[in-house]
1. Do you know which of the residues in region 159-182 that are outside any strand (DSSP E or B) and hydroxyl-bearing (Ser, Thr, Tyr) is surrounded by the most Cβ atoms within 10 Å (Cβ to Cβ)?
2. Working only within region 274-283, note down all residues that are modelled with pLDDT of 95 or more and either not in a loop (DSSP other than H, G, I, E, B) or not hydrophobic (A, V, I, L, M, F, W, C) (or both).
3. Are there strands (runs of 3 or more DSSP E) fully within region 47-104 with at least 3 residues that are closer than 26 Å to TRP383 by Cβ? List them.
4. Name the single residue that is surrounded by the most Cβ atoms within 10 Å (Cβ to Cβ) among those in region 281-308 being without any contact (Cβ under 8 Å) to a residue 60 or more places away in the chain and of a type in the set (Gly, Ala, Ser).
5. For residues that are over 30 Å from HIS397 (Cα atoms) and either in contact with a strand residue (DSSP E or B) (Cβ under 8 Å, 6 or more places away or on another chain) or exposed (fewer than 12 other Cβ atoms within 10 Å of the Cβ) (or both), tally how many sit in region 460-479.
6. Could you tell me how many of the residues in region 85-95 are surrounded by 19 or more Cβ atoms within 10 Å (Cβ to Cβ) and over 12 Å from the mean Cα position of the chain (by Cα)?
7. Considering only residues of region 120-142 that are touching a residue at least 24 places away in the same chain (Cβ under 8 Å) and more than 26 Å from the chain's Cα centre (by Cα), which is farthest from TRP105 (Cα to Cα)?
8. Would you check if LEU268 is surrounded by 13 or more Cβ atoms within 10 Å (Cβ to Cβ), aliphatic (A, V, I, L, M) and within 30 Å of ARG347 (Cα to Cα)?
Amino acid sequence: MTAASEPINSAQMKIFSRILLPALLVQLMVPAFTSKAATDTDWERSVVSVEVTRKTYDYIQPWVRDTSTTVKAGTYLGDNLFLTTANNLNDVALIRLQKNGRGRWHHGELKWIDYHANLALVSAKAEDFLEGLKATPIVGEFDEKAKLHSVNWRSGRTEKREATFDNWTVETGQISYIATLYLQVNSDASSLVEASPMFSEKGLVGLGVTKSGETATLIPGFFLKRSIEAWKKGNYPGLGFFDFTWTPARNPSILDFLKLEGESRGVLVIKVPKIPGVESPIKVRDLILEVDGKAIDNEGDYVDPKFGQISLENLSTYGKWAGDIVKIKLLRKGKVMMVDYKIPNARFDFDLVPDEIHDQEPEYLLVAGLVFQPLTETFLSRWGSSWERRAPFRLVHYNGNDPTEERPGLIVLSVVLPHPINLTYEGHRYQVVDKVNGKSIASLKDLKTALENPQEGFHVVEFMKGSSQRRLVLNAAETKEATQQVMETYAIAWDHVLND
């Protein structure tokens with residue numbers, strides 16, 4: 001029997017187990033640790049919890065003040081900047097930050113916010129909060145084949161879930177009417193909070209805004225990177241949008257009427273807002289054929305080399321800012337022409353009835369139990385998410401209308417608090433004011449000024465045509481005392497709030 005085939009005795013076995021076996025295990029383990037260090041994709045130290053306490057208002061009783069608290073995710077970008085969404089950051093009263101999903105909360109502050117982009121940056125007031133955190137880069141070029149995973153804190157522990165690319169989509173924003181490009185991924189993460197980050201091995205590829213089933217919708221990394229870089233440079237111009245309204249041009253008879261030659265294509269402009277002092281190069285009945293050289297089909301889509309078939313609305317925001325010029329090829333009265341379209345700046349007071357009111361308390365004016373307020377979509381939202389259907393028709397009727405120089409806004413009588421001076425006027429609420437004491441009313445400042453000049457000892461309030469009641473009359477000599485009595489009865493601290 002050769003030495004190689006001789007059995008191992010007990011002494012040799014002990015030597016093997018004490019010396020050779022540990023050495024062999026170390027040799028096997030070293031490559032694994034080296035591989036992890038070389039391809040570290042553990043971004044959990046970049047994610048913090050952001051607690052936001054914000055002031056909330058009751059538009060039924062606009063003098064009532066309250067607060068609400070929400071918790072969302074924040075992603076550390078370095079330089080004491082944490083990226084999150086703008087949703088629920090309006091009217092902020094307090095921001096606190098927490099790392100590791102538990103323990104002490106640290107005070108934070110808002111550094112920048114854009115509601116149309118749905119982005120915000122916050123920072124920690126005490127820089128010792130940054131200890132142990134890991135800054136993540138934002139990935140500017142998305143790889144649809146990359147391995148993705150979300151990171152979220154849940155009960156003091158990290159929840160990491162894999163995700164895969166699903167689709168690109170153009171949708172209106174969570175808190176804005178602006179349509180931008182979103183990244184959709186498939187993920188089974190059950191506890192994604194708002195602003196949950198999505199990572200690849202290279203860094204942040206998206207910021208979560210909504211989740212339905214296993215589909216999560218994200219603000220893509222290239223949009224995040226471009227916006228934040230512009231803000232850091234101090235030249236962030238904000239988002240713009242196509243302000244004209246269009247409809248698919250599917251009807252062959254309409255295309256024949258417009259004298260379109262060749263195959264069916266393009267979209268039909270059906271509305272162009274009338275903005276005082278602004279002359280749009282786009283006209284109603286224009287057939288838009290191309291935008292920046294991209295052919296538009298009769299569904300309103302174009303073929304993008306990166307994103308595939310996608311809505312033309314993307315061409316107003318992808319790689320564009322407000323104020324940029326796009327070339328639009330259109331058909332007008334049988335003639336093909338090219339126009340330069342300057343992308344207008346997105347804002348919430350674009351319509352006669354403004355969309356949103358951010359970072360200011362609701363305005364109102366109390367006169368002898370009559371409460372007057374500006375008509376806004378925020379006011380209309382008091383009727384719930386289906387306010388278009390549930391709110392009084394005479395108020396919804398004005399939504400979407402264009403402002404004019406004579407009537408840039410509307411004032412509505414919202415509440416009638418009972419008092420002897422206003423008996424029988426309960427049915428006048430939810431009517432839009434036309435004139436007070438002969439003066440046309442477009443704002444609460446107009447109303448306040450008009451009330452300083454009663455007509456022969458009376459305040460005469462006239463409502464818009466079509467209202468169930470056309471006017472009401474108050475004894476001007478009694479209104480001051482009646483207002484004070486109403487304030488005492490209903491514990492109202494101020495008879496008016498007027499914002500600059």
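The values are calculated or read from the model by the stated rules, or taken from the named source; none is laboratory data. Since this is a predicted model, take the numbers as computed values, not measurements. With ideal geometry, Cβ positions are generated from the backbone for all residues, glycine too; neighbour counts draw on all protein chains shown.
1. Looking only at region 159-182, we keep the residues that are outside any strand (DSSP E or B), and these are 173-178.
Subset that is hydroxyl-bearing (Ser, Thr, Tyr): 176-177.
Numbers: SER176: 21, TYR177: 15.
Taking the candidates together, the pick is SER176.
2. Selection gives PRO281, LYS283.
3. Numbers: elements: 47-57, 65-78, 81-84, 92-99.
Filter on region 47-104 gives 47-57, 65-78.
4. GLY300
5. Start the filter on region 460-479 by keeping residues that are over 30 Å from HIS397 (Cα atoms), which leaves 475-479.
Those left that are additionally either in contact with a strand residue (DSSP E or B) (Cβ under 8 Å, 6 or more places away or on another chain) or exposed (fewer than 12 other Cβ atoms within 10 Å of the Cβ) (or both): 475-477, 479.
Residues flagged as over 30 Å from HIS397 (Cα atoms) and either in contact with a strand residue (DSSP E or B) (Cβ under 8 Å, 6 or more places away or on another chain) or exposed (fewer than 12 other Cβ atoms within 10 Å of the Cβ) (or both) within region 460-479 amount to 4.
6. Here the count works out to 1.
7. Narrowing region 120-142 to residues touching a residue at least 24 places away in the same chain (Cβ under 8 Å): 120-124, 127, 129-130, 132-142.
Add one more test, that the residue is more than 26 Å from the chain's Cα centre (by Cα), and what stays is 127, 129-130, 132-134.
Values: GLU127: 13, PHE129: 9, LEU130: 13, GLY132: 15, LEU133: 15, LYS134: 18 Å.
Filtering first and then ranking leaves LYS134.
8. Values: surrounded by 13 or more Cβ atoms within 10 Å (Cβ to Cβ): yes; aliphatic (A, V, I, L, M): yes; within 30 Å of ARG347 (Cα to Cα): yes.
Judged against the criteria, LEU268 is a match.
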